[in-house]
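Only one structure is covered here, and it is reproduced in the block below.
Any read-out appearing in this document is the output of simple, stated calculations on the displayed coordinates, not a laboratory observation. Keep in mind it's a predicted model, so treat the numbers as computed, not measured. Don't worry about glycine lacking a Cβ; one is built from the backbone with ideal geometry, like all the others, and counts go over all protein chains shown.
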């Protein structure tokens, strides 16, 4: 019995740089307003705290994936309070594939095709361009991002083979 576990977070360098700039620029403007006596110390500290909380909230998000004998479990915290289970019996096909996060799904996160990819189904991803493409017996498609290509290949091969016997 093989078990695959993976936890991913938003830690891409380009994202950290973008978040740093988007925090630094308003902070500088707020400090200038404070030194020009346009903003009180209380308001400055409140706005800085709000800015840091808003920017830092992205670090709460994480994608947890577990593949075991029951099926594929995934959770995109904090949007999913508990793990979602896709049982092997409800999966028509599962494969590892490369995808274009922006072109196919409109970026990373929890994407369901509102503007992009209305036929492509649900995508749950944090970074990269590699994912587990599932097609359920109902025809619904779900893509779960991963960074561990070889480990996923091995565990899928194990369970896909076992589920057909």
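Which of these, 29, 142, 102, has the largest mean-square fluctuation under a Gaussian network model of the chain (Cα springs below 10 Å)?
Most flexible of the set in this elastic network: 29.
May I ask you to order 83-95, 12-24 by the average number of other C-beta atoms within 10 Å around their residues, highest value first?
Packing order, densest peptide first, comes out as 83-95, 12-24.
Points 7 angstrom from Cα along the Cβ direction at residue 154 and residue 18: gap in nanometres?
3.4 nm
Just to be sure I understand: if I project the alpha-carbon convex hull of the chain onto a plane and average over all orientations, what area do I get in nm²?
11.6 nm²
Give me Rg/Rg_expected for segment 119-160, where Rg uses Cα atoms only and Rg_expected = 2.2 N^0.38 Å with N residues.
Taking the Cα Rg and dividing by 2.2 N^0.38 Å, one obtains 1.21.
Compare 121, 56, 145 in a GNM of the chain, Cα atoms joined below 10 Å, and give the one with the largest fluctuation.
56
Which of these, 99, 34, 74, has the largest mean-square fluctuation under a Gaussian network model of the chain (Cα springs below 10 Å)?
For the chain, modelled as a Gaussian network with Cα springs under 10 Å, the answer is 34.
For the Cα atoms of the chain, what angle does the longest principal axis make with the long axis of helix 13-35, in degrees from 0 to 90, nearest 10?
Taking the Cα atoms of the chain, the angle to 13-35 is about 20 degrees.
With N set to the number of residues, divide the alpha-carbon radius of gyration of segment 50-110 by 2.2 N^0.38 Å and report two decimals.
1.42
Set the Förster radius R0 to 30 Å, insert the Cβ-Cβ distance between residue 11 and residue 43 as r into 1/(1 + (r/R0)^6), and round the FRET efficiency to 0.05.
0.40
Which shape class, rounded, prolate or oblate, goes with segment 10-59 when its Cα gyration tensor gives a ≥ b ≥ c as root eigenvalues, a/c under 1.5 marks rounded, and past that a/b bigger than b/c marks prolate?
Oblate is the answer for segment 10-59, as a/c is 1.5 or above yet b/c matches or exceeds a/b.
So for the pair residue 84, residue 31, with labels modelled 7 Å out along Cα→Cβ, what separation do we get in nm?
Reported label-point gap for residue 84 and residue 31 is 4.3 nm.
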